[in-house]
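Okay, structure first, notes after.
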Amino acid sequence: MRFDILTIFPEMFRGPFDYGIVRRARERGLVEIVVHNLRDFTTDKHRTVDDRPFGGGEGMVFKPEPIFRAVESVLGERFDRERVAVVLLTPQGRVFTQAMARQLAQCARIVLICGRYEGVDERVAEHLATHEISIGDYVLAGGEIPAMVIVEAIVRLLPGALGCEESARRESFAEGGILDHPQYTRPADFRGLRVPDVLLSGHHAEIARWRRRMALAKTLRNRPDLLEKAVLSDEDRRVLEELRRALPKTDESR
Ligand code: 9D3
């Protein structure tokens, strides 16, 4: 797979792909990540990428021309659009999910367009992009960090990117997932804070039951929305009823 990232701040991408899973995937030749300066696709002396909004209003808007030229340049004329995604990062996009990461992981080429300012000329969303994506309901300064998020989420799904132990693991959130159970490691007593006895007991069935119960409790407290679509056993539902009756305090009501 190849990513092409279009940005006016290419220097922001120096570090993030040089560590961990993404670095290993690049070294193994599973993914190539190329960062382009949008200003290299302008034609005027001042390398202008933005202009004032038609209709008036605050701020500046990305012009369509440099973005169209950049996408046409990186994809070449073979615009078959088979296994090619052109992603516009914008607060107006569909919110990125694990399901979208799985779908995009099937692509051979992904172009990520990072917006800034007040926005991007709508003709990019309408006539160039195949996807318009936001990473969540909070206001950032631009699409660069969202692009980094999306690259990392997709790269770790590429076959061979994870160790085989990790790759076999079921994804939280994906389909019917709930949050992970709490993890502990040594020491068993840290400044008087004890690891739950059951984890030291060696009773594997009991440990599995405890972990599922704690995962359900964490999900009920922090992400009750996930329980709507979660795949739950009859035993899970019984445990949830019991947890709801005990009603753990949420961060909000504390
Ligand atoms: C929604 C706010 N907009 C109306 C006043 C202005 C605006 C704010 C911030 C327009 C663009 C931006 C820059 N953000 C992104 O480009 C962006 C983003 C985000 O802010 N949050 C979550 N996902 C994304 S993806 C791109």
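The values are calculated or read from the model by the stated rules, or taken from the named source; none is laboratory data. Please read these numbers as outputs of a predicted model, since none were measured by experiment. Positions of Cβ are generated from backbone atoms using ideal geometry, with glycine treated the same way; all protein chains shown enter the neighbour counts. Quick note on the areas: whole protein, heavy atoms, side chains included, nothing else; ligands and nucleic acids left out. Shrake-Rupley method; radii C 1.70, N 1.55, O 1.52, S 1.80 Å.
Comparing Val151, Ala25, Thr130 along the charge dipole axis of the range 2-155, the residue lying farthest to the positive side is Ala25, per the Cβ-charge model. What is the calculated FRET efficiency for Arg81 to His203, with r their C-beta to C-beta distance and R₀ = 45 Å, to the nearest 0.05? FRET efficiency, Arg81 to His203: 0.25. In the chain, Cα pairs under 8 Å separated by at least six residues give a relative contact order of 18 percent.
If you take all other residues with their beta carbon under 13 Å from the beta carbon of His46, and give Lys and Arg +1 and Asp and Glu -1, the sum is +1. Note: relative contact order over the range 27-76, using C-alpha pairs below 8 Å and six or more positions apart, is 30 percent. Here the accessible area of the range 125-167 is 55 percent carbon and sulfur, with a 1.4 angstrom probe and all protein chains present.
By its C-alpha gyration tensor, with a ≥ b ≥ c as the square roots of the eigenvalues, how is the range 172-252 shaped: rounded for a/c under 1.5, else prolate for a/b larger than b/c, else oblate? Taking the square roots of the gyration eigenvalues as a ≥ b ≥ c, the range 172-252 is prolate. Using C-alpha pairs under 8 Å with a sequence gap of at least 6, the mean separation divided by the residue count of the range 172-252 gives a relative contact order of 37 percent. What percentage of the solvent-accessible surface of the range 72-117, computed with a 1.4 Å probe over protein heavy atoms, is contributed by carbon and sulfur atoms? Whole-percent figure for carbon plus sulfur exposure: 48. Axis angle, to the nearest 10 degrees, between helix 144-155 and the longest C-alpha principal axis of the chain: 60 degrees. Entry comment: accessible area of the chain is 62 Å² per residue, from protein heavy atoms only and a probe of 1.4 Å. In the chain, how many lysine pairs have Cα atoms under 28 Å apart, counting only pairs 8 or more places apart or on different chains? Close lysine pairs under the 28 Å cut-off: 4.
Of the DSSP beta bridges with both residues in the chain, give the percent that are antiparallel, rounding to the nearest 5.
That works out to approximately 15 percent antiparallel.
Taking the C-alpha atoms only, the angle from helix 234-246 to the longest principal axis of the chain is near 80 degrees.
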